[in-house]
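The values are calculated or read from the model by the stated rules, or taken from the named source; none is laboratory data. Because the structure is predicted, anything quoted here is derived from the model rather than measured. As a convention, Cβ positions derive from the backbone with ideal geometry for all residues, glycine included, and neighbour counts pool all protein chains shown.
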Amino acid sequence: MNTVDKVVNAYIKGTFTGDTELLQSVFHEKARMTGYLGDQLLIGDPQPFIEDIGSQASMESNGDPYEAEVVSKVIVGNIADVTIRESGFRGSLKLEDHFHLIDDGTRWWIISKLFTVIE
């Protein structure tokens, strides 16, 4: 498994288990997070997402049917683009996430996440 996969898998695991430290560890300190929850546009950094994940019981402990599937991945040199589809998020939401990752010379990081609810 390459290190891009490890970062994306850590994001998925942290989201499901409510592990905010794990989530914090995958995002670059200057990462951006932008997207739609329904018709609400959110633009900022990942901190509100991480805090939201940590403020509620985890999807794992709730028995939510959360699944995440990598639907595309492109790695070119020190950059990567990964798309995942999540279902069962907080029980019933389906989302599509587009991640941009960079290798800054020390390791791979998520530098941006673009997301939308798809159902």
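Numerical summary
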quantity	calculated
Leu114, sole failed condition from (1) in contact with a strand residue (DSSP E or B) (Cβ under 7 Å, 6 or more places away or on another chain); (2) of a type in the set (A, V, I, L, M, F, W, C); (3) over 17 Å from Gly38 (Cβ atoms)	(3)
Only listed residue being in contact with a Lys or Arg (Cβ under 6 Å, 6 or more places away or on another chain), among the hydrophobic types (A, V, I, L, M, F, W, C), touching a residue at least 60 places away in the same chain (Cβ under 8 Å) and not in a loop (DSSP other than H, G, I, E, B), chosen from Phe115, Phe99	Phe99
Options Ile50, Ile43, Ile118, Ile111: the member that is surrounded by fewer than 15 Cβ atoms within 10 Å (Cβ to Cβ) and either touching a Leu at 6+ places or on another chain (Cβ under 7 Å) or among the hydroxyl-bearing types (Ser, Thr, Tyr) (or both)	Ile118
Identity of the residue in the stretch 55-71, within 16 Å of Tyr11 (Cβ to Cβ) and more than 14 Å from the chain's Cα centre (by Cα), that ends up surrounded by the most Cβ atoms within 10 Å (Cβ to Cβ)	Met59
Leading residue by the ranking (farthest from the chain's Cα centre (by Cα)) among those in the stretch 1-12 that are hydrophobic (A, V, I, L, M, F, W, C) and either under 19 Å from Leu95 (Cα atoms) or assigned to a helix (DSSP H, G or I) (or both)	Val4
Extreme residue, nearest to Phe49 (Cα to Cα), among residues of the stretch 70-96 that are at pLDDT below 95 and outside any strand (DSSP E or B)	Arg90
Some residue of the stretch 4-23 being modelled with pLDDT under 95 and of a type outside the set (Asp, Glu)	no
Checklist (1) aliphatic (A, V, I, L, M); (2) in a strand (DSSP E or B); (3) surrounded by 15 or more Cβ atoms within 10 Å (Cβ to Cβ); (4) in contact with a Gly (Cβ under 8 Å, 6 or more places away or on another chain) applied to Ala31, failing item	(4)
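Conditions (1) assigned to a strand (DSSP E or B); (2) among the β-branched types (Val, Ile, Thr); (3) free of Cβ contacts under 8 Å to residues at least 40 places away in the same chain, marked per residue:
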| residue | (1), (2), (3) |
| --- | --- |
| Gly14 | no, no, yes |
| Leu23 | no, no, yes |
| Tyr36 | yes, no, no |
| Ile50 | no, yes, yes |
| Glu60 | no, no, no |
